[in-house]
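So the structure is just underneath, and the comments pick up after that.
The values are calculated or read from the model by the stated rules, or taken from the named source; none is laboratory data. It should be emphasised that the depicted structure is a prediction, and the values quoted were computed from it without experimental measurement. Here the Cβ positions follow ideal geometry from the backbone for every residue, glycine too, while neighbour counts run over all protein chains shown.
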Amino acid sequence: AQSVTQPDIHITVSEGASLELRCNYSYGATPYLFWYVQSPGQGLQLLLKYFSGDTLVQGIKGFEAEFKRSQSSFNLRKPSVHWSDAAEYFCAVGASAGNNRKLIWGLGTSLAVNP
Amino acid sequence: KAGVTQTPRYLIKTRGQQVTLSCSPISGHRSVSWYQQTPGQGLQFLFEYFSETQRNKGNFPGRFSGRQFSNSRSEMNVSTLELGDSALYLCASSFETEDTQYFGPGTRLTVL
């Protein structure tokens, strides 16, 4: 069955510390992978996406993610977290580059940032 | 350019009632999609409208319906509300179906 797992429901880091949010997927075809962020009272915002090519992708707000096919993972990283990064982060997988309607979504990881 | 706007932001209804949610897409965007977000199920696709026609549909009962107007604004209607319909309903717009979607802040629906 197709699925996306975000093992960490909640993570707390200190401002300035590095961050890694985990995402594992189960998908029968070549996956298109996405990370979104949802701040309180805000809609979902696309951070980055991977379709092919270099397995390390750069996104907005200083985020990057690495696709590891052998581990079926697409972990999100940031070298130094800012207080404004506190939000809910969602990983998603789909079969096409832009058709978000058929994405399979993880349940999210809530990130808290300590000053 | 203004983002996607949704009204109202919060709603409280009782079981059996019906509700209508509104979404105004980014200017120039013709595709509007609706999603239901709950803690247990995550984000689930409801339907997409493009140029006033339903283009894609998720696996929701017929109580969930929508429409799109000529100015691309969209409404979503839920009839005979159930407790399980309590959720954050997100609207997203894009120029074309295959383009990146931009999400609104959502409407928080509580069914009592």
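Odds and ends about this structure:
- Residues being among the polar types (S, T, N, Q), surrounded by 13 or more Cβ atoms within 10 Å (Cβ to Cβ) and at pLDDT 95 or above - total across the range A:1-33: 3
- Screening the range A:45-59 for residues that are within 12 Å of the chain's Cα centre (by Cα) and within 13 Å of chain B (Cβ to nearest Cβ) and picking the one that is nearest to A:GLY94 (Cα to Cα) gives A:LYS49.
- Residue check for A:TYR32: in contact with a Gly (Cβ under 8 Å, 6 or more places away or on another chain), among the aromatic types (Phe, Trp, Tyr) and in contact (Cβ under 8 Å) with a residue 24 or more places away in the chain: yes
- The set of residues in the range B:1-20 being over 12 Å from the mean Cα position of the chain (by Cα) and more than 14 Å from chain A (Cβ to nearest Cβ) consists of B:LYS1, B:LEU11, B:ILE12, B:LYS13, B:THR14, B:ARG15, B:GLY16, B:GLN17, B:GLN18.
- Of all the numbered requirements in (1) within 14 Å of chain A (Cβ to nearest Cβ); (2) over 28 Å from A:THR109 (Cβ atoms); (3) exposed (fewer than 13 other Cβ atoms within 10 Å of the Cβ), B:GLN41 misses one, and that requirement is (2).
- Filter result for A:VAL37 (closer than 19 Å to A:ALA17 by Cα and either free of Cβ contacts under 8 Å to residues at least 40 places away in the same chain or within 11 Å of chain B (Cβ to nearest Cβ) (or both)): yes
Conditions tested, residue by residue: (1) more than 14 Å from chain A (Cβ to nearest Cβ); (2) touching a residue at least 40 places away in the same chain (Cβ under 8 Å); (3) of a type in the set (Gly, Ala, Ser).
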| residue | (1), (2), (3) |
| --- | --- |
| B:HIS29 | no, yes, no |
| B:ARG67 | yes, no, no |
| B:LEU81 | yes, yes, no |
| B:SER93 | no, yes, yes |
| B:GLU96 | no, yes, no |
| B:PRO105 | no, yes, no |
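- Segments classed as strands (runs of 3 or more DSSP E), wholly inside the range A:12-115, with at least 1 members that are under 26 Å from B:PHE47 (Cβ atoms): A:24-26, A:32-38, A:44-50, A:87-94
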